[in-house]
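All remarks here apply to the structure that follows.
The values are calculated or read from the model by the stated rules, or taken from the named source; none is laboratory data. The model shown is predicted, which means the values in this text are computed figures rather than measured ones. Glycine also receives a Cβ, built like all others from the backbone with ideal geometry; neighbour counts cover every protein chain displayed. Quick note on the areas: whole protein, heavy atoms, side chains included, nothing else; ligands and nucleic acids left out. Shrake-Rupley method; radii C 1.70, N 1.55, O 1.52, S 1.80 Å.
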Amino acid sequence: MRILTAGVLAAILGFGADPALAADRKPNVVFILADDLGYSDVACYGGKFYRTPNIDRMATEGIRLTDGYSCGPNCQPTRAALISGQYGPRTGVYTVGSIDRFAWRTRPLRPVDNVAKLPLETFTLAQAIQEAGYATALFGKWHLGQDADHHPSKRGFDEAIVSMGRHFDFKTIPPVDYPAGTYLADFLTDKAVDFITRHKDEPFFLALHHFGVHSPYQAKPEIVARFVGTRPEGGHDDPTYAAMIASVDESVGRVLKTIDDLGLGDDTLVIFTSDNGGVGGYSREGIRVGHEATDNAPLRGGKGMLYEGGVRVPYIFRWPGRIPAGATSDRPVNSVDLYPTLMEVTGGRAKSTLDGTGYLRLLTTGGADRPGRDALYWHFPGYLGAARGDWRTTPAGAIRDGDWKLLEFFETGKVELYNLRDDPGETRDLAAADPDRAGAMHARLVDWRKHVKAPMPTPHTPEPEAARTKKQRKQADEDE
(Lines give C-alpha, C1' and ligand atoms only; values in the text may rest on other atoms or scores of the structure.)
Protein backbone atom coordinates (compact mmCIF):
# COMPACT_ATOMS: atom_id res chain seq x y z
CA MET A 1 0.00 0.00 0.00
CA ARG A 2 1.32 3.47 -0.82
CA ILE A 3 0.97 6.93 0.66
CA LEU A 4 -0.95 9.16 -1.72
CA THR A 5 0.70 12.41 -2.77
CA ALA A 6 -1.38 15.50 -3.43
CA GLY A 7 -1.10 14.99 -7.18
CA VAL A 8 -2.19 11.35 -7.03
CA LEU A 9 -5.06 12.26 -4.74
CA ALA A 10 -6.12 14.96 -7.18
CA ALA A 11 -6.20 12.45 -10.01
CA ILE A 12 -8.21 9.95 -7.95
CA LEU A 13 -10.78 12.52 -6.94
CA GLY A 14 -11.11 14.01 -10.38
CA PHE A 15 -9.65 17.44 -9.58
CA GLY A 16 -8.39 17.66 -13.14
CA ALA A 17 -5.24 19.61 -13.93
CA ASP A 18 -5.24 21.67 -10.76
CA PRO A 19 -3.58 19.58 -8.04
CA ALA A 20 -3.33 22.71 -5.90
CA LEU A 21 -6.92 22.14 -4.93
CA ALA A 22 -5.80 18.95 -3.21
CA ALA A 23 -2.49 20.39 -2.04
CA ASP A 24 -4.10 23.33 -0.24
CA ARG A 25 -5.58 21.08 2.38
CA LYS A 26 -6.09 17.42 3.06
CA PRO A 27 -9.77 16.46 3.20
CA ASN A 28 -11.46 16.09 6.57
CA VAL A 29 -13.37 12.91 7.45
CA VAL A 30 -16.39 12.63 9.75
CA PHE A 31 -17.60 9.10 10.41
CA ILE A 32 -21.01 8.88 12.13
CA LEU A 33 -21.97 5.43 13.39
CA ALA A 34 -25.43 4.64 14.73
CA ASP A 35 -26.02 1.69 17.05
CA ASP A 36 -28.63 -0.97 16.13
CA LEU A 37 -30.21 1.23 13.45
CA GLY A 38 -32.01 -1.02 10.99
CA TYR A 39 -32.05 -0.79 7.20
CA SER A 40 -35.62 0.51 7.02
CA ASP A 41 -35.32 2.82 10.04
CA VAL A 42 -34.33 5.67 7.70
CA ALA A 43 -36.78 7.36 5.35
CA CYS A 44 -34.47 7.26 2.33
CA TYR A 45 -34.24 3.47 2.78
CA GLY A 46 -38.00 3.04 2.81
CA GLY A 47 -38.90 3.89 6.42
CA LYS A 48 -42.32 5.59 6.56
CA PHE A 49 -42.86 5.85 10.31
CA TYR A 50 -39.63 7.68 11.13
CA ARG A 51 -38.50 11.20 10.28
CA THR A 52 -34.89 11.50 9.21
CA PRO A 53 -34.61 14.71 7.15
CA ASN A 54 -30.92 15.28 7.83
CA ILE A 55 -29.81 11.74 7.01
CA ASP A 56 -32.02 11.93 3.92
CA ARG A 57 -30.35 15.22 3.02
CA MET A 58 -26.99 13.45 3.08
CA ALA A 59 -28.34 11.01 0.51
CA THR A 60 -29.76 13.83 -1.62
CA GLU A 61 -26.44 15.65 -1.57
CA GLY A 62 -24.24 12.57 -1.90
CA ILE A 63 -24.44 8.85 -2.63
CA ARG A 64 -26.58 6.18 -1.01
CA LEU A 65 -25.38 2.60 -1.12
CA THR A 66 -28.18 0.05 -1.14
CA ASP A 67 -25.97 -2.97 -0.45
CA GLY A 68 -23.80 -1.82 2.46
CA TYR A 69 -22.97 -4.43 5.10
CA SER A 70 -21.73 -4.63 8.65
CA CYS A 71 -18.98 -7.16 9.27
CA GLY A 72 -20.90 -8.75 12.14
CA PRO A 73 -24.52 -9.30 13.14
CA ASN A 74 -23.89 -7.46 16.40
CA CYS A 75 -21.84 -4.55 17.58
CA GLN A 76 -18.35 -5.57 18.64
CA PRO A 77 -17.19 -7.46 15.53
CA THR A 78 -18.32 -4.62 13.29
CA ARG A 79 -16.47 -2.03 15.36
CA ALA A 80 -13.34 -4.18 15.36
CA ALA A 81 -13.54 -4.57 11.57
CA LEU A 82 -14.04 -0.85 11.01
CA ILE A 83 -11.04 0.17 13.12
CA SER A 84 -8.73 -2.69 12.04
CA GLY A 85 -9.72 -3.27 8.41
CA GLN A 86 -9.70 -6.97 9.22
CA TYR A 87 -12.22 -9.78 9.42
CA GLY A 88 -12.94 -11.28 12.83
CA PRO A 89 -10.68 -14.34 12.49
CA ARG A 90 -7.64 -12.03 12.36
CA THR A 91 -8.53 -10.03 15.50
CA GLY A 92 -10.41 -12.77 17.37
CA VAL A 93 -13.37 -10.40 17.85
CA TYR A 94 -16.50 -12.05 16.47
CA THR A 95 -19.20 -11.31 19.06
CA VAL A 96 -19.84 -9.37 22.27
CA GLY A 97 -18.24 -10.44 25.55
CA SER A 98 -17.74 -13.98 26.79
CA ILE A 99 -19.18 -17.14 25.26
CA ASP A 100 -20.93 -17.72 28.61
CA ARG A 101 -23.36 -14.88 27.95
CA PHE A 102 -25.62 -17.54 26.43
CA ALA A 103 -26.33 -21.14 27.40
CA TRP A 104 -24.10 -22.76 24.81
CA ARG A 105 -23.70 -25.85 27.00
CA THR A 106 -27.23 -26.88 26.01
CA ARG A 107 -26.08 -27.08 22.38
CA PRO A 108 -23.93 -29.55 20.38
CA LEU A 109 -21.02 -27.18 19.73
CA ARG A 110 -18.61 -25.32 21.98
CA PRO A 111 -18.18 -21.76 20.64
CA VAL A 112 -14.81 -20.30 19.84
CA ASP A 113 -13.59 -18.11 22.69
CA ASN A 114 -14.14 -14.44 21.85
CA VAL A 115 -11.58 -11.67 22.19
CA ALA A 116 -13.35 -8.84 24.00
CA LYS A 117 -10.64 -6.18 23.58
CA LEU A 118 -9.03 -5.22 20.30
CA PRO A 119 -5.48 -6.65 20.42
CA LEU A 120 -2.87 -4.02 21.15
CA GLU A 121 -0.75 -5.11 18.20
CA THR A 122 -3.52 -4.00 15.82
CA PHE A 123 -2.50 -0.83 13.96
CA THR A 124 -5.78 1.03 13.88
CA LEU A 125 -7.44 3.20 11.28
CA ALA A 126 -7.09 6.15 13.65
CA GLN A 127 -3.36 5.57 14.09
CA ALA A 128 -2.84 5.51 10.33
CA ILE A 129 -4.79 8.75 9.87
CA GLN A 130 -3.08 10.35 12.85
CA GLU A 131 0.32 9.57 11.33
CA ALA A 132 -0.86 11.21 8.10
CA GLY A 133 -1.03 14.52 9.96
CA TYR A 134 -4.63 14.62 11.15
CA ALA A 135 -6.18 15.73 14.42
CA THR A 136 -8.29 12.77 15.55
CA ALA A 137 -11.17 12.29 17.98
CA LEU A 138 -13.74 9.70 19.01
CA PHE A 139 -16.84 10.50 21.02
CA GLY A 140 -19.32 7.78 21.99
CA LYS A 141 -19.39 4.01 21.99
CA TRP A 142 -16.05 2.24 21.57
CA HIS A 143 -16.68 -1.27 22.97
CA LEU A 144 -13.19 -2.58 22.14
CA GLY A 145 -11.68 -2.24 25.59
CA GLN A 146 -12.09 0.72 27.94
CA ASP A 147 -9.19 0.15 30.33
CA ALA A 148 -6.20 2.49 30.14
CA ASP A 149 -4.31 0.52 27.51
CA HIS A 150 -7.26 -0.24 25.22
CA HIS A 151 -9.08 3.10 25.54
CA PRO A 152 -9.33 4.90 22.17
CA SER A 153 -7.07 7.66 23.49
CA LYS A 154 -4.29 5.06 23.28
CA ARG A 155 -5.40 3.67 19.90
CA GLY A 156 -4.85 6.69 17.66
CA PHE A 157 -7.37 9.26 18.88
CA ASP A 158 -5.97 12.53 20.23
CA GLU A 159 -9.23 13.09 22.06
CA ALA A 160 -11.65 10.40 23.22
CA ILE A 161 -14.68 10.32 25.49
CA VAL A 162 -16.37 6.94 25.72
CA SER A 163 -19.94 6.33 26.86
CA MET A 164 -22.54 3.60 26.45
CA GLY A 165 -25.19 1.87 28.54
CA ARG A 166 -27.66 4.70 29.20
CA HIS A 167 -29.07 7.69 27.36
CA PHE A 168 -29.73 9.76 30.48
CA ASP A 169 -27.58 9.87 33.63
CA PHE A 170 -24.79 8.25 31.66
CA LYS A 171 -21.18 7.73 32.68
CA THR A 172 -18.19 8.70 30.58
CA ILE A 173 -14.60 7.50 30.45
CA PRO A 174 -12.81 9.70 31.35
CA PRO A 175 -15.40 11.30 33.67
CA VAL A 176 -16.90 14.50 32.27
CA ASP A 177 -19.43 16.73 34.05
CA TYR A 178 -22.65 17.67 32.26
CA PRO A 179 -25.97 19.30 33.25
CA ALA A 180 -28.65 17.09 34.78
CA GLY A 181 -31.12 15.81 32.21
CA THR A 182 -28.62 15.86 29.32
CA TYR A 183 -29.35 13.35 26.59
CA LEU A 184 -26.32 11.33 25.50
CA ALA A 185 -26.78 11.96 21.76
CA ASP A 186 -26.81 15.70 22.43
CA PHE A 187 -23.75 15.49 24.67
CA LEU A 188 -21.77 13.60 22.05
CA THR A 189 -22.84 16.02 19.34
CA ASP A 190 -21.76 18.98 21.48
CA LYS A 191 -18.32 17.42 21.74
CA ALA A 192 -18.22 16.72 18.00
CA VAL A 193 -19.22 20.27 17.07
CA ASP A 194 -16.64 21.69 19.46
CA PHE A 195 -13.91 19.47 18.00
CA ILE A 196 -14.74 20.48 14.42
CA THR A 197 -14.77 24.14 15.36
CA ARG A 198 -11.44 23.99 17.16
CA HIS A 199 -9.76 22.13 14.29
CA LYS A 200 -11.33 23.94 11.34
CA ASP A 201 -7.93 25.16 10.13
CA GLU A 202 -6.27 21.74 9.98
CA PRO A 203 -7.28 18.32 8.64
CA PHE A 204 -9.27 16.27 11.12
CA PHE A 205 -10.80 12.83 11.50
CA LEU A 206 -13.84 12.64 13.75
CA ALA A 207 -15.54 9.40 14.78
CA LEU A 208 -18.97 10.16 16.26
CA HIS A 209 -20.20 6.80 17.55
CA HIS A 210 -23.72 7.15 18.90
CA PHE A 211 -25.17 4.77 21.47
CA GLY A 212 -28.56 5.49 19.92
CA VAL A 213 -30.70 3.66 19.03
CA HIS A 214 -29.54 0.82 21.29
CA SER A 215 -31.60 -0.27 24.30
CA PRO A 216 -32.54 0.85 26.91
CA TYR A 217 -35.18 2.66 24.91
CA GLN A 218 -35.01 6.17 26.32
CA ALA A 219 -35.79 9.41 24.51
CA LYS A 220 -36.50 13.05 25.18
CA PRO A 221 -40.21 13.42 26.06
CA GLU A 222 -40.76 16.39 23.78
CA ILE A 223 -39.58 14.37 20.79
CA VAL A 224 -41.58 11.28 21.79
CA ALA A 225 -44.67 13.50 21.76
CA ARG A 226 -44.17 14.19 18.05
CA PHE A 227 -44.77 10.53 17.24
CA VAL A 228 -47.62 9.73 19.61
CA GLY A 229 -50.67 9.03 17.49
CA THR A 230 -48.66 8.47 14.31
CA ARG A 231 -50.16 5.71 12.18
CA PRO A 232 -48.07 2.50 12.42
CA GLU A 233 -46.29 1.34 9.28
CA GLY A 234 -45.65 -2.39 9.17
CA GLY A 235 -43.60 -3.32 12.22
CA HIS A 236 -42.75 0.32 12.92
CA ASP A 237 -44.95 1.78 15.64
CA ASP A 238 -42.88 2.76 18.71
CA PRO A 239 -42.86 6.53 19.46
CA THR A 240 -39.90 6.22 21.84
CA TYR A 241 -37.79 4.37 19.29
CA ALA A 242 -38.80 6.90 16.63
CA ALA A 243 -37.73 9.71 18.95
CA MET A 244 -34.34 8.06 19.48
CA ILE A 245 -33.85 7.92 15.72
CA ALA A 246 -34.89 11.56 15.51
CA SER A 247 -32.19 12.51 18.02
CA VAL A 248 -29.53 10.75 15.97
CA ASP A 249 -30.87 12.53 12.88
CA GLU A 250 -30.73 15.89 14.67
CA SER A 251 -27.11 15.13 15.52
CA VAL A 252 -26.34 14.55 11.85
CA GLY A 253 -28.01 17.87 11.05
CA ARG A 254 -25.98 19.76 13.63
CA VAL A 255 -22.72 18.27 12.36
CA LEU A 256 -23.56 19.12 8.73
CA LYS A 257 -24.55 22.67 9.69
CA THR A 258 -21.32 23.19 11.60
CA ILE A 259 -19.27 21.96 8.66
CA ASP A 260 -21.15 24.15 6.20
CA ASP A 261 -21.20 27.24 8.43
CA LEU A 262 -17.41 26.99 8.78
CA GLY A 263 -17.03 26.75 5.01
CA LEU A 264 -15.68 23.19 5.22
CA GLY A 265 -18.32 21.40 3.15
CA ASP A 266 -16.21 20.92 0.03
CA ASP A 267 -13.28 19.76 2.15
CA THR A 268 -15.13 17.21 4.28
CA LEU A 269 -16.25 13.65 3.60
CA VAL A 270 -19.13 12.73 5.91
CA ILE A 271 -20.13 9.08 6.28
CA PHE A 272 -23.21 7.69 7.99
CA THR A 273 -23.92 4.01 8.72
CA SER A 274 -24.93 1.54 11.44
CA ASP A 275 -23.07 -1.24 13.25
CA ASN A 276 -25.67 -3.96 12.52
CA GLY A 277 -29.31 -4.49 11.68
CA GLY A 278 -32.24 -3.41 13.80
CA VAL A 279 -33.70 -5.27 16.77
CA GLY A 280 -36.69 -6.80 15.02
CA GLY A 281 -37.86 -9.28 12.41
CA TYR A 282 -37.66 -12.18 14.86
CA SER A 283 -41.32 -13.10 15.20
CA ARG A 284 -41.52 -13.76 11.46
CA GLU A 285 -38.79 -16.35 12.02
CA GLY A 286 -40.64 -17.94 14.93
CA ILE A 287 -38.10 -16.54 17.40
CA ARG A 288 -39.37 -15.24 20.72
CA VAL A 289 -37.75 -12.12 22.13
CA GLY A 290 -38.68 -9.73 24.90
CA HIS A 291 -39.13 -6.70 22.65
CA GLU A 292 -38.94 -5.96 18.95
CA ALA A 293 -38.12 -2.28 18.57
CA THR A 294 -38.42 -2.28 14.80
CA ASP A 295 -38.74 -4.45 11.70
CA ASN A 296 -36.15 -4.79 8.96
CA ALA A 297 -38.64 -5.82 6.27
CA PRO A 298 -38.37 -6.38 3.38
CA LEU A 299 -35.16 -7.91 4.66
CA ARG A 300 -35.21 -11.14 6.64
CA GLY A 301 -34.36 -11.35 10.35
CA GLY A 302 -32.57 -8.79 12.48
CA LYS A 303 -29.65 -8.06 14.76
CA GLY A 304 -27.79 -11.22 15.74
CA MET A 305 -28.52 -13.05 12.48
CA LEU A 306 -26.54 -13.44 9.25
CA TYR A 307 -29.68 -13.01 7.18
CA GLU A 308 -29.87 -9.62 5.46
CA GLY A 309 -31.85 -7.97 8.24
CA GLY A 310 -28.96 -8.57 10.62
CA VAL A 311 -26.10 -7.31 8.46
CA ARG A 312 -27.37 -5.01 5.68
CA VAL A 313 -27.35 -1.41 6.91
CA PRO A 314 -27.70 2.16 5.62
CA TYR A 315 -24.50 3.55 4.08
CA ILE A 316 -24.46 7.20 2.97
CA PHE A 317 -21.58 9.48 1.91
CA ARG A 318 -21.62 13.26 1.41
CA TRP A 319 -18.78 15.30 -0.06
CA PRO A 320 -19.98 18.31 -2.11
CA GLY A 321 -18.01 18.82 -5.29
CA ARG A 322 -16.39 15.40 -5.02
CA ILE A 323 -19.34 12.99 -4.77
CA PRO A 324 -22.17 13.58 -7.27
CA ALA A 325 -25.43 14.57 -5.58
CA GLY A 326 -28.35 12.16 -5.53
CA ALA A 327 -26.34 9.12 -6.62
CA THR A 328 -27.21 5.52 -5.73
CA SER A 329 -25.16 2.35 -6.08
CA ASP A 330 -25.87 -1.32 -5.43
CA ARG A 331 -22.19 -2.30 -5.41
CA PRO A 332 -21.66 -4.21 -2.12
CA VAL A 333 -19.35 -2.81 0.55
CA ASN A 334 -18.42 -4.17 3.96
CA SER A 335 -17.06 -2.74 7.22
CA VAL A 336 -13.54 -3.93 6.39
CA ASP A 337 -13.57 -1.70 3.28
CA LEU A 338 -13.66 1.56 5.24
CA TYR A 339 -10.00 1.44 6.31
CA PRO A 340 -8.48 1.13 2.80
CA THR A 341 -10.98 3.70 1.49
CA LEU A 342 -9.92 6.26 4.08
CA MET A 343 -6.28 5.54 3.29
CA GLU A 344 -7.12 6.63 -0.25
CA VAL A 345 -8.80 9.77 1.07
CA THR A 346 -6.25 10.84 3.69
CA GLY A 347 -2.98 9.55 2.27
CA GLY A 348 -2.48 7.38 5.34
CA ARG A 349 -0.64 4.09 5.28
CA ALA A 350 -1.68 0.86 6.94
CA LYS A 351 0.92 -1.26 8.72
CA SER A 352 -1.19 -4.41 9.02
CA THR A 353 -2.88 -6.73 6.56
CA LEU A 354 -6.15 -5.23 5.32
CA ASP A 355 -8.95 -7.53 4.21
CA GLY A 356 -11.06 -4.89 2.53
CA THR A 357 -11.05 -3.08 -0.80
CA GLY A 358 -11.05 0.70 -1.18
CA TYR A 359 -14.06 2.17 -2.95
CA LEU A 360 -13.21 5.87 -3.32
CA ARG A 361 -13.70 5.79 -7.10
CA LEU A 362 -17.14 4.28 -6.57
CA LEU A 363 -18.06 7.33 -4.49
CA THR A 364 -16.50 10.06 -6.61
CA THR A 365 -18.02 8.72 -9.84
CA GLY A 366 -21.47 8.39 -8.31
CA GLY A 367 -21.34 4.63 -8.71
CA ALA A 368 -20.32 4.66 -12.38
CA ASP A 369 -16.92 3.15 -11.59
CA ARG A 370 -17.36 -0.13 -9.72
CA PRO A 371 -13.95 -1.27 -8.44
CA GLY A 372 -13.55 -5.03 -8.44
CA ARG A 373 -13.54 -6.84 -5.15
CA ASP A 374 -13.44 -10.29 -3.63
CA ALA A 375 -16.57 -11.84 -2.19
CA LEU A 376 -17.84 -10.65 1.19
CA TYR A 377 -17.47 -13.08 4.09
CA TRP A 378 -18.92 -13.54 7.57
CA HIS A 379 -17.71 -15.90 10.30
CA PHE A 380 -19.75 -16.27 13.48
CA PRO A 381 -18.56 -19.33 15.46
CA GLY A 382 -20.83 -18.75 18.46
CA TYR A 383 -24.39 -18.49 19.74
CA LEU A 384 -26.73 -15.55 20.23
CA GLY A 385 -29.78 -16.35 22.33
CA ALA A 386 -33.27 -14.94 22.47
CA ALA A 387 -36.08 -15.73 24.94
CA ARG A 388 -37.26 -19.06 26.36
CA GLY A 389 -34.54 -21.15 24.80
CA ASP A 390 -34.84 -19.67 21.29
CA TRP A 391 -31.77 -18.62 19.33
CA ARG A 392 -31.24 -15.71 17.00
CA THR A 393 -28.30 -17.60 15.53
CA THR A 394 -26.32 -20.74 16.09
CA PRO A 395 -22.71 -20.90 14.81
CA ALA A 396 -22.71 -19.97 11.15
CA GLY A 397 -20.85 -18.45 8.24
CA ALA A 398 -21.82 -16.71 5.02
CA ILE A 399 -20.47 -15.52 1.69
CA ARG A 400 -21.87 -13.02 -0.79
CA ASP A 401 -20.49 -13.07 -4.32
CA GLY A 402 -22.22 -10.82 -6.81
CA ASP A 403 -25.97 -11.28 -6.48
CA TRP A 404 -25.62 -14.62 -4.70
CA LYS A 405 -25.39 -15.35 -0.99
CA LEU A 406 -24.80 -18.66 0.77
CA LEU A 407 -25.19 -19.34 4.48
CA GLU A 408 -23.75 -22.36 6.29
CA PHE A 409 -24.98 -23.49 9.72
CA PHE A 410 -22.24 -25.35 11.54
CA GLU A 411 -24.39 -27.48 13.89
CA THR A 412 -26.00 -29.36 11.01
CA GLY A 413 -23.87 -28.50 8.00
CA LYS A 414 -26.95 -27.16 6.23
CA VAL A 415 -26.40 -24.54 3.53
CA GLU A 416 -28.90 -22.07 2.12
CA LEU A 417 -28.53 -20.24 -1.20
CA TYR A 418 -30.28 -17.03 -2.23
CA ASN A 419 -30.26 -14.72 -5.24
CA LEU A 420 -30.43 -11.34 -3.54
CA ARG A 421 -31.17 -9.46 -6.74
CA ASP A 422 -34.38 -11.42 -7.27
CA ASP A 423 -35.08 -12.21 -3.62
CA PRO A 424 -33.62 -9.67 -1.15
CA GLY A 425 -35.90 -11.04 1.54
CA GLU A 426 -34.22 -14.47 1.32
CA THR A 427 -37.51 -16.31 1.01
CA ARG A 428 -36.49 -18.89 -1.62
CA ASP A 429 -33.64 -21.23 -0.73
CA LEU A 430 -32.12 -22.36 -4.05
CA ALA A 431 -29.47 -24.72 -2.67
CA ALA A 432 -31.33 -27.83 -3.82
CA ALA A 433 -32.27 -26.31 -7.17
CA ASP A 434 -28.73 -25.14 -7.95
CA PRO A 435 -26.38 -27.59 -6.20
CA ASP A 436 -23.40 -26.73 -8.40
CA ARG A 437 -23.48 -23.07 -7.45
CA ALA A 438 -24.11 -23.92 -3.80
CA GLY A 439 -21.17 -26.33 -3.79
CA ALA A 440 -18.82 -23.87 -5.47
CA MET A 441 -19.72 -21.03 -3.10
CA HIS A 442 -19.41 -23.28 -0.09
CA ALA A 443 -15.96 -24.35 -1.27
CA ARG A 444 -14.93 -20.69 -1.54
CA LEU A 445 -16.19 -20.05 1.98
CA VAL A 446 -14.19 -23.01 3.29
CA ASP A 447 -11.09 -21.85 1.41
CA TRP A 448 -11.44 -18.36 2.85
CA ARG A 449 -11.68 -19.77 6.37
CA LYS A 450 -8.45 -21.66 5.76
CA HIS A 451 -6.79 -18.54 4.35
CA VAL A 452 -7.58 -16.38 7.39
CA LYS A 453 -7.12 -19.29 9.81
CA ALA A 454 -10.66 -18.96 11.10
CA PRO A 455 -11.19 -21.12 14.22
CA MET A 456 -14.25 -23.36 14.23
CA PRO A 457 -16.50 -24.42 17.12
CA THR A 458 -15.85 -27.92 18.43
CA PRO A 459 -18.20 -30.82 19.26
CA HIS A 460 -19.85 -30.77 22.67
CA THR A 461 -22.29 -33.09 24.42
CA PRO A 462 -25.39 -30.99 25.19
CA GLU A 463 -26.21 -30.42 28.85
CA PRO A 464 -29.95 -29.61 29.02
CA GLU A 465 -29.69 -28.48 32.64
CA ALA A 466 -27.15 -25.75 31.82
CA ALA A 467 -29.72 -23.06 31.04
CA ARG A 468 -28.88 -19.49 31.94
CA THR A 469 -30.19 -17.80 35.03
CA LYS A 470 -32.47 -14.79 34.83
CA LYS A 471 -29.58 -12.60 35.98
CA GLN A 472 -27.37 -13.91 33.16
CA ARG A 473 -30.09 -13.25 30.60
CA LYS A 474 -30.50 -9.69 31.84
CA GLN A 475 -26.76 -9.06 31.77
CA ALA A 476 -26.47 -10.48 28.25
CA ASP A 477 -29.24 -8.20 27.01
CA GLU A 478 -27.55 -5.16 28.55
CA ASP A 479 -24.11 -6.04 27.11
CA GLU A 480 -25.41 -6.75 23.63
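Summary table
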{"quantity": "From the options LYS220, LYS191, residue that is surrounded by 16 or more Cβ atoms within 10 Å (Cβ to Cβ) and more than 20 Å from HIS151 (Cα to Cα)", "calculated": "LYS220"}
{"quantity": "Residues of the range 412-450 classified as at negative phi and either in contact (Cβ under 8 Å) with a residue 24 or more places away in the chain or open to solvent by less than 50 Å² (accessible area, probe 1.4 Å) (or both), total", "calculated": "23"}
{"quantity": "Hits in the range 242-254 (condition: more than 18 Å from THR182 (Cβ to Cβ) and surrounded by fewer than 23 Cβ atoms within 10 Å (Cβ to Cβ))", "calculated": "GLY253"}
{"quantity": "All strands (runs of 3 or more DSSP E) inside the range 319-419 with 1 or more residues being within 30 Å of ASN28 (Cα to Cα)", "calculated": "327-329, 376-380"}
{"quantity": "Residue match in the range 467-480 (condition: assigned to a loop (DSSP other than H, G, I, E, B), at pLDDT below 95 and open to solvent by less than 60 Å² (accessible area, probe 1.4 Å))", "calculated": "yes"}
{"quantity": "Within the range 194-215, tally of residues that are touching a residue at least 60 places away in the same chain (Cβ under 8 Å) and either under 17 Å from the mean Cα position of the chain (by Cα) or open to solvent by 10 Å² or more (accessible area, probe 1.4 Å) (or both)", "calculated": "15"}
{"quantity": "Test: residue in the range 391-401 that is polar (S, T, N, Q) and buried (at least 22 other Cβ atoms within 10 Å of the Cβ)", "calculated": "yes"}
{"quantity": "Residues located in the range 189-214, provided they are outside any strand (DSSP E or B) and in contact with a helix residue (DSSP H, G or I) (Cβ under 7 Å, 6 or more places away or on another chain)", "calculated": "THR189, ALA192, VAL193, ILE196, THR197, HIS210, PHE211, GLY212, VAL213"}
{"quantity": "Output for the range 131-171, where each listed residue is assigned to a loop (DSSP other than H, G, I, E, B) and either free of Cβ contacts under 8 Å to residues at least 12 places away in the same chain or under 22 Å from LYS26 (Cβ atoms) (or both)", "calculated": "ALA132, GLY133, TYR134, ALA148, ARG155, GLY156, PHE157, ASP158, ASP169, LYS171"}
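Every residue, every condition in (1) open to solvent by less than 60 Å² (accessible area, probe 1.4 Å); (2) at pLDDT below 95; (3) farther than 22 Å from GLY62 by Cβ, yes or no:
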position: PRO179; (1), (2), (3): no, no, yes
position: PHE227; (1), (2), (3): yes, no, yes
position: THR240; (1), (2), (3): yes, no, yes
position: LEU264; (1), (2), (3): yes, no, no
